[in-house]
């Protein structure tokens with residue numbers, strides 16, 4: 001919502017608070033005035049209430065002096081004015097809120113209708129928020145679909161185009177421009193919903209690229225059969241990364257030390273099916289006391305050496321083919337990812 005729209009929406013609310021404050025002031029001032037005229041506190045408050053709210057059940061005490069009559073006339077003028085002010089401000093606040101909601105929804109839908117070759121993100125949970133942030137930073141146009149109004153409000157505040165509703169509903173996918181989109185990412189935490197969305201999206205747009213989230217490894221096959229191009233298993237990726245940190249600490253340390261953003265580079269390498277690993281060279285290893293070039297040639301191009309972690313603690317980055325591998329060294333290599 002723009003700053004101008006926010007100011008427009010907040011003004012009726014400010015007017016309502018001012019009106020309520022004015023009515024409260026009228027009640028306090030005239031209650032004290034009747035009390036000073038000799039009435040009890042209960043009679044004074046009752047007289048102010050029935051007069052200000054135009055009820056008129058009758059005076060609890062006779063208004064038989066010019067002073068009391070003048071006081072009552074002033075109460076009628078100020079009290080009725082305050083109540084009218086409160087009523088008008090309340091109606092304006094409620095009406096403008098509805099108008100803003102309708103206009104905001106229409107404006108949002110109009111912006112979505114203009115999109116082409118965009119991305120549809122189904123779900124704005126933990127992964128959905130991270131995905132939207134990356135897409136926003138990359139300048140890619142996208143639409144977020146989520147059934148939770150609080151998440152939709154959060155996505156809207158983040159600057160995303162949003163649609164509130166079930167992403168499993170084909171009408172919602174159609175409203176998000178599924179026929180014009182180039183990618184659909186369904187990242188809901190429920191595998192059944194992701195399968196259904198994938199199936200619907202593939203039927204509605206055979207050319208769209210679908211990336212689906214799966215919680216259970218057995219769901220991967222179902223998602224692929226439903227039409228997903230790629231399936232991401234967050235739990236599997238997390239466990240795989242932790243195992244990599246445990247099994248190959250030197251490779252991870254070198255990556256972090258040699259690049260400004262080691263995690264991002266490692267992520268990109270993983271997307272290419274590559275990973276940094278380390279091979280410890282023991283005293284009885286077939287790699288001991290051999291030149292690096294010979295080892296790479298025997299591997300037939302299946303690995304590329306990035307560095308040699310020497311047993312003394314030093315690191316040879318981009319070592320020469322003539323480098324000698326000694327027992328106790330660790331060879332940091334780039335190789336294909338596989339857990340066959």
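Derivation of every value follows stated rules applied to the coordinates shown; laboratory data play no part. All values reported here derive from a predicted model rather than from experimental measurement. So basically every Cβ, Gly included, is an ideal-geometry build from the backbone, and we count neighbours across all protein chains shown.
Observations, loosely collected:
- Ranking of 51, 65, 186 by count of other Cβ atoms within 10 Å, fewest first: 65, 51, 186
- Of the peptides 152-163, 277-288, the ranking by mean beta-carbon count within 10 Å, highest at the top, reads 152-163, 277-288.
- Relative contact order of region 116-232, taken over Cα pairs closer than 8 Å and 6 or more residues apart, is 24 percent.
- Reduced Cα scattering model of region 106-213, Debye log10 I(q)/I(0), q = 0.12, 0.15, 0.17 Å⁻¹: -0.32, -0.52, -0.68
- Computed from the C-beta positions of residue 95 and residue 60 and an R0 of 51 Å, the FRET efficiency is 0.85 to the nearest 0.05.
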